[in-house]
Amino acid sequence: MENGGSWEGGQRRPLLDESHSSSCYKDDEPVAVDQRPQQQCAPTNHKAPLIILGFSFLEGIAFNGVGINLILYLRTVLHGANSSNAANVASWGGTSYLTPLLGGLLADTYWGNYRTIFISSILYLLGMITVTSSAAIPSLKPPPCDVSSCQPATGAQMFVFFSGLYLIAFGSGGIRSALLPFGADQFNDGENPVEMRKKVSFFSMFYVCSMLGVLIAGTLVVWIQENIDWAVGFGIATLCLALASGGFLLGTPTYKLRMPTGSPVKSIVQVIVATFRKMHLEVPTDGNLLYEVDKNNSGLQHLAHTDEFRFLDKAATISDMETSNGHAHASWTLRTITQVEELKILLRMLPIWATCIVYSAACTQMNNTFIQQGSVMNTRIGSFSIPPASLSSFGVMCVMVWVFIYNKIIAPAVQRCSASGAGLSNLQRMGVGRFTMIISMTTAAIVETKRLQGIKNGQTMSIAWQLPQYFIISGSEVFNYITQLEFFYAQAPDTMRSICTSFALLSTALGNYLSSLIITFVSLVTARGGKPGWIPDDLNEGHLDYYFYSLAGMCAVNFCVYVVFARKYKLKRVI
């Protein structure tokens, strides 16, 4: 496959066929990498990635220390109604996943990743302090319920608490959009095998550190909130964020910083406008005749011309008038081929991103229907009673196991078996993740079928039978989510890396919304004519196994669509 070849095995080409040409800072002045010898760029300082990983871990504790138990706090402390609590949590959660788009836009256009993280940390910390104060100061929360009644929180009390929550949403959005690309920027670019392996390991460790933060928040912090004091639990989460922010600032001298290069959204719009304004022009068959600026003078990354979406090449086609004017560059009528190729990259990534949404819709079952399934099983394993929701912590531990298995067993084995000595490409690894999700949903369906058969015979299945589906879905996450972050970072145009990372996160949020729509649709369709439906309140009367089988089928279709587009995908190529 020309320029890409990333789906087929054997002759896998490097994911990044480029020598990175963004800009660095030197003595507070930007210096383009391409304008100076490669060795003058600062070598990888391994303290910097470690600081970023520590930030990811502590931020995971901070965010989830508030978010995981939020609905319980609204009910037991602020005495809100169940319906309004659910709506408030959903609104806050949706905002938290949408704000990375704003953060990514600011990082790529104005502030750069470092400043975005710094400013977002301030907002984030203010929000955490506000939430902690709301839980600690008696006048900022209603009194505890007595035997006869519960006094709901006043408007002022709700305003203070939700002001803190939404400061957290915007602060965390900025950090999520910028932290991962900022960490990846700390590694030297090019095709040095050692540096490439370190960068791949960084993406894996970033995800593991984030999951470790979720694990600590979901166990230790939640236990403290429910058994000691909410203010203490929120205070621990706030302390974690303060430590992360302080460590990040102390590490400033070790960082490699890259400049924002202007609004990528404006550049995209200019390409589209220029294309439509030149609809009457014929695109030259020789790509060398398309407009481009001198690489040596611009100091910017230049992308190779591709034949896909050729109609967009009209934006880089030089008209007779522009030729007579000496190629005078009018930004709304003539764009460089690199700017056109940046838009083509986004169009090529779009179907891959769309399949990420469907994948996430299946993956989110671990946080809802898997728990519902476990709640009607025998929760005792030996002398221990296992809360169904706690198996998500088992899933986090499985993620770490799978990362070890992949790095130490699977990847070396594939490299030995490959004629070229190359491992699985990013697209291949994401394909494995999508295929494994089919197996996970099928496993959950088989377990549910066996459980329902046991109920008819008066037997209750042990919750331990859920462990295989959690283990498989955790492996699917490792192959897909970690690689997805790496893929969107690597394939994104240099001017859009934070935005594209944000879109990778957005696919998770949209997957959650899609899952809710699917469940609502299934309930409406199957619960007719007095039938309980597939997902009734009493799962022993329903057919949750049919639902899981349907998801497995949906994942199978999604996998086939992904394979079609992955085989055609052409990797970004820099000249």
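A few comments on the model shown:
- Qualifying residue in segment 470-481 (condition: surrounded by 22 or more Cβ atoms within 10 Å (Cβ to Cβ), under 19 Å from ARG348 (Cβ atoms), under 16 Å from the mean Cα position of the chain (by Cα) and in contact (Cβ under 8 Å) with a residue 40 or more places away in the chain): yes
- For segment 260-271, the tally of residues that are in contact (Cβ under 8 Å) with a residue 12 or more places away in the chain and surrounded by fewer than 15 Cβ atoms within 10 Å (Cβ to Cβ) stands at 2.
- Meets criteria (in contact (Cβ under 8 Å) with a residue 24 or more places away in the chain, among the hydroxyl-bearing types (Ser, Thr, Tyr) and open to solvent by 60 Å² or more (accessible area, probe 1.4 Å)) for THR238: no
- Of the residues THR449, THR436, THR379, the single one that is among the β-branched types (Val, Ile, Thr), in contact with a helix residue (DSSP H, G or I) (Cβ under 9 Å, 6 or more places away or on another chain), open to solvent by less than 40 Å² (accessible area, probe 1.4 Å) and without any contact (Cβ under 8 Å) to a residue 60 or more places away in the chain is THR436.
- Among the residues examined, THR364 does not qualify as touching a residue at least 24 places away in the same chain (Cβ under 8 Å) and not in a helix (DSSP H, G or I).
Table: residues versus (1) in a helix (DSSP H, G or I); (2) within 19 Å of the chain's Cα centre (by Cα).
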{"site": "ALA169", "(1), (2)": "yes, yes"}
{"site": "SER172", "(1), (2)": "yes, yes"}
{"site": "LEU179", "(1), (2)": "yes, yes"}
{"site": "PHE187", "(1), (2)": "no, no"}
{"site": "LYS199", "(1), (2)": "yes, yes"}
{"site": "MET211", "(1), (2)": "yes, yes"}
{"site": "LEU220", "(1), (2)": "yes, no"}
{"site": "TRP223", "(1), (2)": "yes, no"}
{"site": "ALA237", "(1), (2)": "yes, no"}
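- Qualifying residue in segment 488-497 (condition: within 25 Å of VAL403 (Cβ to Cβ), of a type outside the set (A, V, I, L, M, F, W, C) and open to solvent by less than 10 Å² (accessible area, probe 1.4 Å)): yes
- Scanning segment 95-121 for residues that are over 14 Å from the mean Cα position of the chain (by Cα), in contact (Cβ under 8 Å) with a residue 60 or more places away in the chain and farther than 20 Å from VAL265 by Cα yields a total of 5.
- In segment 301-313, the residues that are open to solvent by less than 30 Å² (accessible area, probe 1.4 Å) and either acidic (Asp, Glu) or not in a loop (DSSP other than H, G, I, E, B) (or both): LEU303, LEU312, ASP313
- The set of residues in segment 550-570 that are surrounded by fewer than 15 Cβ atoms within 10 Å (Cβ to Cβ) and without any contact (Cβ under 8 Å) to a residue 40 or more places away in the chain comprises GLY553, VAL557, CYS560, VAL564.
- Scanning segment 126-174 for residues that are open to solvent by less than 10 Å² (accessible area, probe 1.4 Å) and among the hydrophobic types (A, V, I, L, M, F, W, C) gives MET128, VAL131, ALA135, PHE161, LEU165, ILE168, ALA169.
- Yes/no for TYR547 being in contact with a helix residue (DSSP H, G or I) (Cβ under 7 Å, 6 or more places away or on another chain), at pLDDT 90 or above, buried (at least 16 other Cβ atoms within 10 Å of the Cβ) and at negative phi: yes
The values are calculated or read from the model by the stated rules, or taken from the named source; none is laboratory data. Note that this is a predicted model, so its numbers are computed, not measured. Note that we place each Cβ from the backbone using ideal geometry, even for glycine, and neighbour counts take in every protein chain shown. Surface areas here come from the heavy atoms of the whole protein model, side chains and all, with no ligands, DNA or RNA. Shrake-Rupley method; radii C 1.70, N 1.55, O 1.52, S 1.80 Å.
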